[in-house]
Amino acid sequence: SLGKVILSTFVAWSFEVLAYFVLANELQLNLNLYQTLIIMGFVNFGILIPSSPGYIGVFEGVTLAAFTFLGLDSNAGIAFGIVLHFCHFVPPLIWGLLLMATDRSIFQFIKLKNNKNPEPTAYRTEQ
């Protein structure tokens, strides 16, 4: 139902803002919730634009723009952007690599059958 969708969306975004807030406190940036929400908004809208793989450079750039917009230290913005990007990018990458290394069945969809005509079955014409 619509209520469940709205609730799950709220919970997901709450965890996202919590991650930004906790990281900012761990880096001793002393950001308040309003500043954290602004930074998160900048980052999420900034990475909507198609760019480099993994948003490398773009992620950090929009984080810097958010810090500049809020009148905060630009060096702290770059540091926060790099660490935050690392936290978003590396753990799922590691989990994915571990899954690929331990569960070979996920590669079955790309195996080609040993036959004379390697084109996909959907495009073959019956003879």
Those residues of the range 3-44 which are open to solvent by 60 Å² or more (accessible area, probe 1.4 Å), part of a helix (DSSP H, G or I), free of Cβ contacts under 8 Å to residues at least 24 places away in the same chain and in contact with a helix residue (DSSP H, G or I) (Cβ under 8 Å, 6 or more places away or on another chain), in sequence order: 21, 33, 37
So which of 93, 64, 48, 112 ends up being modelled with pLDDT under 95, outside any loop (DSSP other than H, G, I, E, B) and out of contact with any strand residue (DSSP E or B) (no Cβ under 9 Å at 6 or more places or on another chain)? 93
Residues that are closer than 14 Å to residue 46 by Cα and not charged (D, E, K, R), drawn from the range 57-68: 57, 58, 59, 61, 62, 63, 64, 65, 66, 67
Among the residues of the range 44-62, are any over 14 Å from the mean Cα position of the chain (by Cα) and farther than 21 Å from residue 13 by Cα? yes
Pick from the range 84-104, criterion open to solvent by less than 60 Å² (accessible area, probe 1.4 Å) and over 13 Å from the mean Cα position of the chain (by Cα), ranking: farthest from residue 16 (Cα to Cα): 103
Within the range 47-71, residues being surrounded by 13 or more Cβ atoms within 10 Å (Cβ to Cβ) and over 21 Å from residue 32 (Cβ atoms) number 8
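The values are calculated or read from the model by the stated rules, or taken from the named source; none is laboratory data. This one's a predicted model, so the numbers in the text were calculated from it and none came from an experiment. All Cβ positions, even for glycine, are placed from backbone atoms using ideal geometry, and neighbour counts span all protein chains on display. The protein model used for the area step is the full one, side chains on, heavy atoms only, and it has no ligands, DNA or RNA in it. Shrake-Rupley method; radii C 1.70, N 1.55, O 1.52, S 1.80 Å.
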